[in-house]
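Structure first, then comments.
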Amino acid sequence: MEMVQHFPAVNRPVAPVVSVCIANYNGEALLADCLDSVLTQGNIAVEIIVHDDASADNSVAFLREHYPQVELLASTENVGFCASNNRMVAHARGKYVLLLNNDAALFPDALAALLDTAGGQEPPGILTLPQYDWRTGELVDRGCLLDPFYNPVPNLDPRRRDVAYGIGACLFLPRALWNELGGFPEWFGSMAEDMYICCLARLRGRSVAPTQTSGYRHRQGQSFGGNRVDTGKLNTTYRRRYFSERNKTAVMVICTPSVLMWPLLALHLAVLAFEGALLSLLKRDRRVWSEIYRPTLAYVLREIGSMRARRRETQRMRNISLREYISAFVPGWRKLTLLRRHGVPEVR
């Protein structure tokens, strides 16, 4: 039977402005950098909530000994990234929530920049910070755009005020908006939950935008494996790639306005089948097909009915046009660009 142990924070603020929610799994070596970056954010009333997802390392003891000012939710069973964040926001008391990965660290003025930008949003929307690579210090993105198949395209343009979504490693929004959108879909498990909630927000006329200043450092792929370029090659894992392909397809079905979604979905599934077969042959690895592409296609075909029901409910709440929705999309196929730049990805 699953249980969640609750360890209240010592000297927690009476009326926090921001609730920083950090999902943790086996992140003992990462937590200090992350937490210290939050604790040095100046004179802002902040509460910090950590959900430990049944870590096998010493994370819980480390937090209780070194960070008593952190409110800790310790799960006895691994429930995944989406459920972890939903639980933390349910405990949050701040006007705003910041979802922050345990492998990320804020710049010293990050919360001030987010609050300043949020003050100019009407109606309130979702914000993210410019993301910088932990190791090289290079700019990774200022939020992301999407290609027609819902593959992320990093936005590097500092003049752009609207994006398709912000990376879930650092996502900031009013707690009331989170509740209105229903939080993360727990059936996703992990991957693309950030894309999903941002697309929902945009369909309801809420903006998704990067701040123009400050930022955060991120050890990309540390918390879930893969998703970074090493020695010129894009590296990923079977598990990450499966969840990514499956969940991106679900976002496409549920959120794309107009009946044009159905021919787009048919083309997308055909491309996925071709991509999976080709990559399996090029890598001489049956696991690419059996653990990524076949289960993705099977899942979509099996669950298309439930996704259609969610689509009907989502589209009933839409109050923007198709033109407005696709304004954060770019033409072309992102995977082809990555293939040309980095070659066939390494999967492990």
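The values are calculated or read from the model by the stated rules, or taken from the named source; none is laboratory data. Keep in mind the model is a prediction, meaning the values are calculated, not measured. Using ideal geometry, Cβ is built from the backbone for each residue, glycine included, and neighbour counts are taken over all protein chains shown.
A few notes on this one:
- Whichever residue in the stretch 10-37 is surrounded by fewer than 22 Cβ atoms within 10 Å (Cβ to Cβ) and in contact with a Leu (Cβ under 8 Å, 6 or more places away or on another chain) and, among such residues, is nearest to residue 89 (Cα to Cα): 17
- Residue under evaluation residue 96, criteria (1) hydroxyl-bearing (Ser, Thr, Tyr); (2) farther than 24 Å from residue 17 by Cα; (3) crowded, with 18+ Cβ neighbours inside 10 Å, criterion not met: (2)
- Candidate set: the stretch 202-222, residues that are hydrophobic (A, V, I, L, M, F, W, C) and closer than 17 Å to residue 120 by Cα; chosen: the one surrounded by the most Cβ atoms within 10 Å (Cβ to Cβ): 208
- Qualifying residue in the stretch 99-113 (condition: at positive phi, of a type in the set (Phe, Trp, Tyr) and touching a residue at least 60 places away in the same chain (Cβ under 8 Å)): no
- Any pair with Cβ under 7 angstrom, 6 or more apart, that starts in the stretch 37-49 at a residue that is under 22 Å from residue 7 (Cβ atoms) and touching a residue at least 24 places away in the same chain (Cβ under 8 Å) and ends at one that is crowded, with 19+ Cβ neighbours inside 10 Å and of a type in the set (Ser, Thr, Tyr): 47/19; 49/19
- Residue match in the stretch 335-345 (condition: exposed (fewer than 13 other Cβ atoms within 10 Å of the Cβ), touching a strand residue (DSSP E or B) at 6+ places or on another chain (Cβ under 8 Å), of a type in the set (Gly, Ala, Ser) and not assigned by TED's automatic domain parsing to the domain that holds residue 180): yes
- In this structure, residue 163 does satisfy being at pLDDT 95 or above, of a type outside the set (Asp, Glu), in contact with a Gly (Cβ under 6 Å, 6 or more places away or on another chain) and farther than 18 Å from residue 37 by Cβ.
- Flag if residue 163 is closer than 22 Å to residue 18 by Cβ, touching a residue at least 60 places away in the same chain (Cβ under 8 Å) and more than 13 Å from the chain's Cα centre (by Cα): yes
- Number of positions in the stretch 281-337 that are of a type in the set (Gly, Ala, Ser) and closer than 22 Å to residue 207 by Cα: 3
- Remark: pairs (first residue in the stretch 8-32, without any contact (Cβ under 8 Å) to a residue 60 or more places away in the chain and on the phi > 0 side of the Ramachandran plot; second residue among the hydrophobic types (A, V, I, L, M, F, W, C) and in a helix (DSSP H, G or I); Cβ separation under 9 Å; 6+ apart in sequence or on different chains) are absent.
- Pair list, Cβ under 9 Å, 6 or more apart: the stretch 297-323 residue closer than 12 Å to residue 250 by Cβ, other residue surrounded by 15 or more Cβ atoms within 10 Å (Cβ to Cβ) and of a type in the set (Gly, Ala, Ser): 299/250; 300/250; 303/250; 307/250; 310/250
- Residue in the stretch 262-275 that is nearest to residue 240 (Cα to Cα), counting only those that are of a type outside the set (A, V, I, L, M, F, W, C) and surrounded by 12 or more Cβ atoms within 10 Å (Cβ to Cβ): 275
- Whenever a residue of the stretch 73-85 is in contact (Cβ under 8 Å) with a residue 12 or more places away in the chain and under 15 Å from residue 56 (Cα atoms), its partners that are among the small types (Gly, Ala, Ser) and surrounded by 20 or more Cβ atoms within 10 Å (Cβ to Cβ), lying with C-beta atoms within less than 6 angstrom and at least six residues away or across chains, give the pairs 80/190.
- Considering residues of the stretch 276-295 that are touching a Ser or Thr at 6+ places or on another chain (Cβ under 7 Å) and touching a residue at least 12 places away in the same chain (Cβ under 8 Å) only, the residue surrounded by the most Cβ atoms within 10 Å (Cβ to Cβ): 288
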